[in-house]
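K.L.:
Just passing along the structure, written as structure tokens.
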Amino acid sequence: MSASLATRRTLAGLLAAGALIGAAAVPASADDHRRDNRGAYSSIVIGDVENAGRGRDNRALNSEWVEVKNTGRHSVNLRGFTLTDKQGNRYRFNSLRLDGRSSVKVHTGQGRDTHRDVYQDHRHQIWDERDTATLRDNRGNVIDTESWGRRGRHHGR
């Protein structure tokens, strides 16, 4: 009977040690999904940018856009996500489900929103020749940035 008790105690000790080792490994592996200390990894990123919108008419303003891409396989609802420039101009997404491996262009001017194009309804240029687009999730966490201008484009997450 004492051999059985000793076996149970040894087994219990091994299981406890394994649980401690496993618990210590979780934070390290969870941290692997972070990029540049800017929050959890996201499949939603800033894609291409076109800031050629010179003029005040809708044609010129709608040729100015920032692309938001879903690089993942699963759709993501962008409700509450925001896209801002250096001057603080902000576009907030309404309920828009972005399918996996697809994108939406956020145009400066006016138009009818679709699943491929949304419009900020501004009457003046937003994106300057030297600017930074910042994409935040619905909790305000920065998930991607894209800068362009004097030194070319810089993409960061």
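The values are calculated or read from the model by the stated rules, or taken from the named source; none is laboratory data. Note that the structure is a prediction, hence the values are computed from the model and not measured. Heads up, the Cβs are rebuilt from the backbone with ideal geometry, glycines too, and the neighbour counts pull from every protein chain shown. Keep in mind that these areas ignore ligands, DNA and RNA; they rest on the heavy atoms of the full protein, side chains included. Shrake-Rupley method; radii C 1.70, N 1.55, O 1.52, S 1.80 Å.
K.L.:
Within the stretch 66-113, can you find the residues that are among the aromatic types (F, W, Y) and out of contact with any Phe, Trp or Tyr (no Cβ under 8 Å at 6 or more places or on another chain)? Break it down into steps so the answer makes sense when it comes.
P.N.:
Initial filter on the stretch 66-113 (among the aromatic types (F, W, Y)): 81, 91, 93.
Hit for the stretch 66-113 is Y91, nothing else.
K.L.:
Could we say that G140 is among the small types (G, A, S), in contact with a Ser or Thr (Cβ under 9 Å, 6 or more places away or on another chain) and either open to solvent by less than 30 Å² (accessible area, probe 1.4 Å) or assigned to a loop (DSSP other than H, G, I, E, B) (or both) here?
P.N.:
On the way: among the small types (G, A, S): yes; in contact with a Ser or Thr (Cβ under 9 Å, 6 or more places away or on another chain): yes; either open to solvent by less than 30 Å² (accessible area, probe 1.4 Å) or assigned to a loop (DSSP other than H, G, I, E, B) (or both): yes.
So G140 passes the test.
K.L.:
If you don't mind, there's one more thing I want to ask. Restricting to the stretch 57-85, and then to whatever is of a type in the set (K, R) and within 19 Å of N141 (Cβ to Cβ), can you tell me which residue is farthest from the chain's Cα centre (by Cα)? Reasoning before the result, please.
P.N.:
From the stretch 57-85, those of a type in the set (K, R) are 59, 69, 73, 79; that's our starting set.
Next, only the ones that are within 19 Å of N141 (Cβ to Cβ) stay: 69, 79.
On the way: K69: 9, R79: 12 Å.
Only one residue fits best here, namely R79.
Residue-by-condition table, conditions (1) assigned to a strand (DSSP E or B); (2) open to solvent by 60 Å² or more (accessible area, probe 1.4 Å); (3) closer than 20 Å to S63 by Cα:
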residue: L83; (1), (2), (3): yes, no, yes
residue: V104; (1), (2), (3): yes, no, yes
residue: G111; (1), (2), (3): no, no, yes
residue: T114; (1), (2), (3): no, no, yes
residue: V118; (1), (2), (3): yes, no, yes
residue: R123; (1), (2), (3): no, yes, yes
residue: W127; (1), (2), (3): no, no, yes
residue: T132; (1), (2), (3): yes, no, yes
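Here is a yes/no grid of residues against (1) in contact with a Pro (Cβ under 6 Å, 6 or more places away or on another chain); (2) modelled with pLDDT of 95 or more; (3) under 13 Å from Q120 (Cβ atoms):
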| residue | (1), (2), (3) |
| --- | --- |
| V45 | no, yes, no |
| G55 | no, no, no |
| T71 | no, yes, no |
| L83 | no, yes, yes |
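K.L.:
Show the residue pairs meeting these rules: Cβ distance below 7 Å; 6+ apart or different chains; first residue within the stretch 119-139 and in contact (Cβ under 8 Å) with a residue 24 or more places away in the chain; second residue among the aliphatic types (A, V, I, L, M) and assigned to a loop (DSSP other than H, G, I, E, B).
P.N.:
Matching pairs, first to second residue: Q120/I126.
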